[in-house]
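Participant: Sharing a structure here in structure tokens format.
The values are calculated or read from the model by the stated rules, or taken from the named source; none is laboratory data. None of the values given here were measured: they were computed from a predicted structure. In case anyone asks, the SASA skips ligands and DNA or RNA and just uses the protein heavy atoms, side chains included. Shrake-Rupley method; radii C 1.70, N 1.55, O 1.52, S 1.80 Å.
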Amino acid sequence: MGGFTFAHVSLILIVAASTLAVCSANKYAPHPKYSQGPNKIIVGGSEGWRFDFSYTNWARKNGPFYVNDTLVFKYDPPTDNATIPHDVYLLPNHRSFLTCNLTGAQMLANVTQGGGEGFELVIQKRKPHYFACGQHEGSHCSDGQMKFFVMPMLRRWFK
């Protein structure tokens, strides 16, 4: 049960110095999509929250998402059968997301809350968040691609 040898200590010092050098070099070169503070992100961008748009692809292209970012769901409230109603649900797990099963889901916004400036949700925890439209017994989720998930990251703060 020998201890650390000179070779072990030297290797540890080299790894530590390399890590410090990489961290120092990257300190002022953040990821291109990185920002210093929380972002306000309109779900779907200019498309808003609507039927027949791939929100999974949108989330993949617009990530990463961070804890304390705000997601804004914008959709028209129903008026005289002229608009298709939408809502926002938080699904309980990945299986529910894949199958668009609303059992155990939490309604975050009803059909009227997406109007105007939209419904805002601050992502407060570092855990997967599965979102879907629950209208027409989940067919907006399954047939209309109105679902996506985010796994928010912790934001690093630089001086």
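Participant: How much accessible area does T103 have with a 1.4 Å probe, in Å² rounded to the nearest 10?
Facilitator: 100 Å²
Participant: Give me a comma-separated list of calculated 3J(HN,Hα) values for segment 145-154, in order, Karplus coefficients 6.51, -1.76, 1.60 applied at θ = phi - 60°, integers in Hz, x for any Gly or Pro.
Facilitator: 6, 8, 7, 6, 9, 10, 10, x, 9, 7
Participant: Right, here's the next one. Give the shape of segment 81-132 as rounded, prolate or oblate, defined through the alpha-carbon gyration tensor: a ≥ b ≥ c are the square roots of its eigenvalues, a/c under 1.5 means rounded, and otherwise the shape is prolate if a/b is larger than b/c and oblate if not. Each step should come with its number before you reach the end.
Facilitator: On the way: a/c = 2.96, a/b = 1.40, b/c = 2.12.
Oblate shape, in that a/c is at least 1.5 and b/c is the bigger or equal ratio.
Participant: Distance from the Cα centre of segment 62-78 to that of segment 102-133, in angstrom?
Facilitator: So the separation of the two Cα centres works out to 9 Å.
Participant: Taking H as built 1.01 Å from N, whose amide H comes closer than 5 Å to the amide H of D76, not counting residues under 5 places away?
Facilitator: none
Participant: Name the residues whose placed amide hydrogens come within less than 5 Å of the amide hydrogen of Q113, ignoring near sequence neighbours (fewer than 5 apart) on the same chain.
Facilitator: none
Participant: Does segment 59-159 come out rounded, prolate or oblate, given a ≥ b ≥ c as the square roots of the eigenvalues of its C-alpha gyration tensor, rounded meaning a/c under 1.5 and, failing that, prolate meaning a/b above b/c? It would help to have the intermediate numbers written out before the result.
Facilitator: Numbers: a/c = 2.37, a/b = 1.46, b/c = 1.62.
In terms of gyration-tensor shape, oblate.
Participant: Determine ³J(HN,Hα), in whole Hz, for all residues of segment 108-116 in sequence, where each value follows from phi through the Karplus function 6.51 cos²θ - 1.76 cosθ + 1.60 and θ = phi - 60°; x replaces Gly and Pro.
Facilitator: 9, 9, 7, 5, 9, 6, x, x, x
Participant: While we're here: Whose amide H sits under 5 Å from the amide H of L108, counting only residues 5 or more places off or on another chain, with H placed in the peptide plane?
Facilitator: Amide H neighbours of L108: V88, Y89, L90.
Participant: Ordering I123, I42 from largest to smallest accessible area (1.4 angstrom probe), what's the sequence?
Facilitator: I42, I123
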